Amino acid sequence: MPSGLDARIAHLFRGPAGCELHPLWTSLTSYRGGTTTPPAAAAKPAPLRGAAFVEAAPLAQPIDRQAVQQRVRELPPLPQAALLALAALRDDHASTERCSELIARDQALVASLLRLANSAFYGVSGRVSSVQDAVQMLGRRTVGSLLAVATVTQQFDVHRCPSFNFSGFWRHALAVALASRALAQEVESDIDAAFLGGLLHDIGRLTLAVHFPDEIDALMQGASLQDRPLNTLELACLGTDHAEVGAWMAAHWHFAPDVVVTIAAHHQPPVGSSTAATLAALVHVADALVHALDLEGDAHERVPTLEPHAWAQLRLTPDAVKRAMASTEQGVVDLSEAMGL
């Protein structure tokens, strides 16, 4: 008889009968202290497709990709103060004083930055009293990532979709950002780009939830009832999914091209060793790692499958994965508290 922990882990990694053992299973069971015997794969019903798939989760009103694209085009630009500050932080020729001056033009950004900089995650609680302190102590790239967090979170009206769990969404986004950064450190990749890609990987879900609340609520209920990944239901019903919508949004807000590609491809990373392919692979694996950590205890939680080429490209050892799990689990507690999530 499996223990409660082993049963939960088996539930998280449920999949079709005969499927291969998930690459993260060994690391998670070792990290959680579960048994080392792989779970038996539980047979699942064949996935519904086409009209049958749509009928199983009817929309309040059908929408299409053109309607979604139009809503993205209508999104307001990011605040000018934030854009100028982010550009200065990326400019090696801009002085610390200049960066601090630009950030200070938006007091909401200042408040968010200082709250995050003084969180337990960065280990300098109470020592960061000014924007200039934050830039000097944490570094430009870290401050840039924190500003991106603060700026993007302010762009969405949480009252537009009461049934959508905005706090849970941002906790997941933060966890994937932290996991992406931890994995990037293990493979000596760009940790700040990985953090931003992880933070924004599901951003398309917010536009869909805010602008099409009834329709997306129906899709989410359908995905839960069928025990299917949400993005496959999105594709069947909308002709697009949150990954593509998120890439449209990132391009609209002038994020770096590699970040746009990462958002678009976080479910199916491209093959290759380019910077964008590596970043997409990091976020792809980090997303699965966070689902494996089961931070929300969601009854429908499932660890998504990994693309074999993405997993192979990173060459992660079980110990590296466990280190990423530990830093992610602690980091999301610290940063979520600082963000009020």
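The values are calculated or read from the model by the stated rules, or taken from the named source; none is laboratory data. Everything numeric in this text was worked out from a predicted model, so none of it was measured. Cβ sites come from the backbone with ideal geometry, for glycine too, and all protein chains shown count toward neighbours. Areas reflect the complete protein model, heavy atoms only, side chains present, ligands, DNA and RNA absent. Shrake-Rupley method; radii C 1.70, N 1.55, O 1.52, S 1.80 Å.
Numbers below:
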{"read-out": "Qualifying residue in segment 273-285 (condition: open to solvent by 60 Å² or more (accessible area, probe 1.4 Å) and of a type outside the set (Ser, Thr, Tyr))", "value": "no"}
{"read-out": "Condition broken by residue 30, with the remaining ones in (1) modelled with pLDDT of 85 or more; (2) part of a helix (DSSP H, G or I); (3) more than 30 Å from residue 310 (Cα to Cα) satisfied", "value": "(3)"}
{"read-out": "Residues that are more than 13 Å from the chain's Cα centre (by Cα) and loosely packed, with under 15 Cβ neighbours inside 10 Å, drawn from segment 168-192", "value": "188"}
{"read-out": "Residue count for segment 76-85, restricted to those that are open to solvent by 60 Å² or more (accessible area, probe 1.4 Å) and in a loop (DSSP other than H, G, I, E, B)", "value": "2"}
{"read-out": "Flag for residue 256 being out of contact with any Asp or Glu (no Cβ under 7 Å at 6 or more places or on another chain), over 25 Å from residue 322 (Cα atoms) and surrounded by fewer than 21 Cβ atoms within 10 Å (Cβ to Cβ)", "value": "yes"}
{"read-out": "Only listed residue being part of a helix (DSSP H, G or I) and open to solvent by less than 10 Å² (accessible area, probe 1.4 Å), chosen from 208, 225", "value": "208"}
{"read-out": "Segment 310-332: number of residues that are surrounded by 14 or more Cβ atoms within 10 Å (Cβ to Cβ) and in a helix (DSSP H, G or I)", "value": "16"}
{"read-out": "Boolean, residue 108 is at pLDDT 85 or above, closer than 22 Å to residue 254 by Cα, open to solvent by 40 Å² or more (accessible area, probe 1.4 Å) and under 24 Å from the mean Cα position of the chain (by Cα)", "value": "no"}
{"read-out": "Set 250, 280: member being in a helix (DSSP H, G or I), free of Cβ contacts under 8 Å to residues at least 60 places away in the same chain and over 23 Å from residue 298 (Cβ atoms)", "value": "250"}
{"read-out": "Residue, surrounded by the fewest Cβ atoms within 10 Å (Cβ to Cβ), within segment 292-309, restricted to residues that are free of Cβ contacts under 8 Å to residues at least 60 places away in the same chain and not in a loop (DSSP other than H, G, I, E, B)", "value": "308"}
